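Below is one structure, written out as structure tokens; comments come after it.
Just so it is clear, none of the values below were taken in a lab; they were calculated from the coordinates. For clarity, every value in this text was computed on a predicted model and none was experimentally measured. With ideal geometry, Cβ positions are generated from the backbone for all residues, glycine too; neighbour counts draw on all protein chains shown.
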Amino acid sequence: MQLKISIMGIDGYKEGVTIERVLLLSMGFGTGHNAAAKALKIHFEQLPGVKAEAVDLLELIPNTFHPLLQSGYLGMLNKFPSFYHYLYDWTHQSRVVRYVSSELIEKMGWSIRKKLTTVFSEVEPTRIVSTHPFGLLMCPSGWEDVPTVGVLTDYELHPIWLARAPKVLCVPKCLLRQNQLERIQWRTGLELCETGLPIRREFYESVSMEEARLQLGLDLKRPVVLIMGGGTGLGPMEHLVKELSPLKHIQFIVLTGNNRSLYERLENRYACPHIRIEGFRDDIPLWMSAADLLVTKPGGVTISEAIAKRLPMFLFEAFPGQEQANQEYLIHHRVAVATRPSTIRVQIRKFFSPDFKREKIRDRFQPLMAPDAARQIVSETFKAKVPFMQTL
């Protein structure tokens, strides 16, 4: 199945080469895995001699079960976060539970694997890139002959990635110490690469704060605080806006995403000169360029975008598991703090006080930034070799 191709780095190919076919696997729990796959697909398709196909494994589940599975996942996070925490923690700490979980996922994925087998026969991939650890567990037999690359979309290396380790695993910057990287590589045989997380390239485009505010019709002199709850407007958004509304010297921009009911409630109750309510926007890079501070849930994509813009963060209601790990990563690197409605007003007053060193926070983002993440992942994908299966 592996095709012969001659590659001159990733900036150019020799004429007459055989096409490389890259299959990108994701799983649409949340938005991060699919967003990373889409960002990579754009970069792959810019190269001559390369075709890329992105597949959300959830879309392969029968229509009657897909919405139930998606809503069940979100419902568990919202209503039973402690239960999700136990599941996540057990698979993180217990090798036995991880093994049982990976075997269970493989067996329960029969409906996905059946359709994925058809996808494999149609695409005939020469490379597999997965942005979700379940992607490799779901692959049909024969995938061992294809070089595989895993891409983290959160700021934690969950051991489930090692249940069926890819040839190469791309991780965020400054996530692991050098001795940790070496130990994992020695124990598993996989190659760990600190590429950073792939996001839309617009977030690394330089736009001055003044220019962004002019384009968005914001006051150039007053501070700007951006409040986001993800694509679905999750979290105590109304409570946060209520607590912040007395701070009239600050411009608050509240993005409610696709949550129309939240938008209408906030618009009816809090819309005033210093509070601007917005629904879904596709120009988030511009809003982040205009802001002094971001108040958000610590989703992997959102915080990666804020890192690219060197935008300090206040983080609220991190879900157990990935979001909690994301929050700990940012706090460890001193570019964010945890907040809640009862403390946010005091924290924001302190943040904008004359003696607070806000520029120092922006400087701390530098080692975390990954402007070439997608390009590096593409490069590592083509460097990956067919796994060598050794027998005794």
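The figures follow:
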{"quantity": "Most to least packed among 278-290, 351-363, 145-157 [average Cβ atoms within 10 Å]", "calculated": "145-157, 278-290, 351-363"}
{"quantity": "Cα→Cβ-extended label distance, 7 Å offset, between K38 and R260, nm", "calculated": "2.0 nm"}
{"quantity": "Percentage, to the nearest whole number, of Cα pairs in the stretch 256-298 over 16 Å apart", "calculated": "47 percent"}
{"quantity": "For the stretch 135-195, the Rg and Dmax computed from alpha carbons only, in angstrom", "calculated": "11.7, 35"}
{"quantity": "Projected label distance in nm at S141 and K350, using a 7 Å step from Cα toward the beta-carbon", "calculated": "6.0 nm"}
{"quantity": "Formal net charge of residues neighbouring S245 (Cβ-Cβ distance under 13 Å; K, R +1; D, E -1)", "calculated": "+3"}
{"quantity": "Packing-based ranking, highest mean first, of 191-204, 123-136 given that Cβ atoms within 10 Å are counted", "calculated": "123-136, 191-204"}
{"quantity": "Mean-position separation - Cα centroids, the stretch 130-193 and the stretch 199-264, in angstrom", "calculated": "35 Å"}
{"quantity": "Ranked R310, R334, criterion: other C-beta atoms within 10 Å, fewest first", "calculated": "R334, R310"}
{"quantity": "Point-to-point label distance, E211-A271, nm (Cα→Cβ direction, 7 Å offset)", "calculated": "3.1 nm"}
{"quantity": "Across K41/K357; K173/K248; K38/K115; K309/K385; K309/K357; K38/K360, pairs whose alpha-carbon gap is larger than 29 Å", "calculated": "K41/K357; K173/K248; K309/K385; K38/K360"}
{"quantity": "For I284, net neighbour charge (Lys/Arg +1, Asp/Glu -1) across residues whose Cβ lies under 12 Å away", "calculated": "-2"}
{"quantity": "Rotationally averaged projected area of the stretch 201-368 (alpha carbon convex hull; nm²)", "calculated": "9.2 nm²"}
{"quantity": "DSSP beta bridge pairing in the stretch 201-368, given as percent antiparallel to the nearest 5", "calculated": "5 percent"}
